[in-house]
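*Asks:* Quick one: the structure is below, questions incoming.
The values are calculated or read from the model by the stated rules, or taken from the named source; none is laboratory data. What you see is a predicted model, and the numbers here were worked out from it, not measured in a lab. Cβ: placed from backbone, ideal geometry, glycine included. Neighbour counts: every protein chain shown. Accessible surface is based on the protein model in full, side chains and every heavy atom, while ligands, DNA and RNA are left aside. Shrake-Rupley method; radii C 1.70, N 1.55, O 1.52, S 1.80 Å.
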Amino acid sequence: MDKPAIQYVVEEAVSAGITDILVITGRGKRTLEDHFDRSFELEYYLEEGGKTEELAEMRRIAEMANIHYVRQGEPRGLGHAVSVAAEHVGEAPFAVLLGDDIMHPDAGVLTAMLGTFDERGRSVIALKEVSAADISSYGCAAVKPVEGNLVQVEDLIEKPAPEEAPSNLAVMGRYVFGPEIFDLLARTEPGRGGEIQLTDAIKVLAQREPVYGWTFRQGRFDVGNKLEYLEATVELALERDDLGPSFRKFLVERLARDDS
Ligand code: G1P
């Protein structure tokens, strides 16, 4: 609607208590850096024009978190993208949030994953059931139950053919790791699609120590998928105080026209 998908991802991190954010970026994405920066010129005109709400929103975005950027250089896969964060992250635990996956603010997935990491001191990945037909678009996990929403990962396969998939639990784009993942990524050979796969490094990690999966059902949209992008827009618009009521009225009238 009125903010780019990446802002939902940054807001999710901030609301889970993460304020140091490194964006892995690439060529042709400089608008992203400008979006989170202050724009003195625009702020000046907003102030002159008395647009106080817009001005406050712009400043809020710029002050939301400490945002840093590093370029991936070559697109060699998700595992490679994560590995370029090694120097910035150092020895601290960290979370990975994929920019195409938007979480509903109420889903609470990242917060729950960070809580699990704090309790157990081990990596946690987000898992959600998908249909057998869809599993080949995701990393797929074989798991055993632990308690409640928590499972332990026994095996992982990146984008398996449906007949190879050990389950229909798909890895969603949220991960919490300790720094040991970087050594494993450095040793990970190109896998599916000739790319360095994060899934392959987690599989090795799970053979050495427990890796947990946080399972959830609702509140995730893949905005790299056109239909889900539309669904996310409609869902989030309907919930807004300023737009929701009139947008709902529009949708009802619009659908009634199709039915008549
Ligand atoms: C990536 C990961 C995959 C994961 C997915 C979640 O795939 O490689 O394991 O399930 O994100 O969105 P991509 O969608 O980048 O191909």
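*Asks:* Here is a list: Val211, Val252, Val223, Val204. Which entry is more than 16 Å from the ligand (Cβ to nearest atom) and at negative phi? Walk me through how you get there before you give the answer.
*Replies:* Numbers: Val211 fails: more than 16 Å from the ligand (Cβ to nearest atom); Val223 fails: more than 16 Å from the ligand (Cβ to nearest atom); Val204 fails: more than 16 Å from the ligand (Cβ to nearest atom).
Going through Val211, Val252, Val223, Val204 in turn, just one is more than 16 Å from the ligand (Cβ to nearest atom) and at negative phi: Val252.
*Asks:* Within the range 134-161, track down each residue that is open to solvent by 30 Å² or more (accessible area, probe 1.4 Å) and either in contact (Cβ under 8 Å) with a residue 60 or more places away in the chain or more than 15 Å from the ligand (Cβ to nearest atom) (or both).
*Replies:* Val143, Lys144, Pro145, Val146, Glu147, Gly148, Asn149, Gln152, Glu154
*Asks:* Go through Glu228, Glu253, Glu239 for me and flag whichever is surrounded by 15 or more Cβ atoms within 10 Å (Cβ to Cβ), without any contact (Cβ under 8 Å) to a residue 24 or more places away in the chain and farther than 30 Å from Phe182 by Cβ. Talk me through it step by step, then tell me what you get.
*Replies:* Numbers: Glu253 fails: surrounded by 15 or more Cβ atoms within 10 Å (Cβ to Cβ); Glu239 fails: surrounded by 15 or more Cβ atoms within 10 Å (Cβ to Cβ).
Exactly one residue qualifies, and that residue is Glu228.
*Asks:* Identify the residue in the range 167-180 that is more than 14 Å from the ligand (Cβ to nearest atom) and out of contact with any Ser or Thr (no Cβ under 7 Å at 6 or more places or on another chain) and, among all such residues, is farthest from Val96 (Cα to Cα).
*Replies:* Restricting to residues being more than 14 Å from the ligand (Cβ to nearest atom) and out of contact with any Ser or Thr (no Cβ under 7 Å at 6 or more places or on another chain), the top hit is Glu180.
*Asks:* Can you name every residue in the range 178-196 that is assigned to a loop (DSSP other than H, G, I, E, B) and open to solvent by 10 Å² or more (accessible area, probe 1.4 Å)? Walk me through how you get there before you give the answer.
*Replies:* If we filter the range 178-196 for residues that are assigned to a loop (DSSP other than H, G, I, E, B), which is where we start, we get 178-180, 187-191, 195-196.
If the condition is that a residue be assigned to a loop (DSSP other than H, G, I, E, B) and open to solvent by 10 Å² or more (accessible area, probe 1.4 Å), then Pro179, Glu180, Arg187, Thr188, Glu189, Pro190, Gly191, Glu195, Ile196 are the ones that fit.
*Asks:* Kindly indicate whether Arg71 is without any contact (Cβ under 8 Å) to a residue 60 or more places away in the chain and either surrounded by 15 or more Cβ atoms within 10 Å (Cβ to Cβ) or of a type outside the set (Val, Ile, Thr) (or both).
*Replies:* Values: without any contact (Cβ under 8 Å) to a residue 60 or more places away in the chain: yes; either surrounded by 15 or more Cβ atoms within 10 Å (Cβ to Cβ) or of a type outside the set (Val, Ile, Thr) (or both): yes.
Yes; evaluated as a whole, the condition is true for this residue.
*Asks:* Another question, then. With respect to the numbered conditions (1) within 23 Å of Ala186 (Cα to Cα); (2) among the aromatic types (Phe, Trp, Tyr); (3) open to solvent by 80 Å² or more (accessible area, probe 1.4 Å), which one is the sole condition not fulfilled by Tyr44?
*Replies:* Failed condition: (1).
*Asks:* Tell me, please, whether a residue that is part of a strand (DSSP E or B), among the β-branched types (Val, Ile, Thr) and open to solvent by less than 40 Å² (accessible area, probe 1.4 Å) can be found in the range 60-67. Even if it seems obvious, please write down each step before you answer.
*Replies:* Kept after step one, since they are part of a strand (DSSP E or B), are these residues of the range 60-67: 66-67.
Narrowing further to those that are among the β-branched types (Val, Ile, Thr): 67.
With the extra rule that they be open to solvent by less than 40 Å² (accessible area, probe 1.4 Å), the set shrinks to 67.
Yes, because at least one residue in the range 60-67 is part of a strand (DSSP E or B), among the β-branched types (Val, Ile, Thr) and open to solvent by less than 40 Å² (accessible area, probe 1.4 Å).
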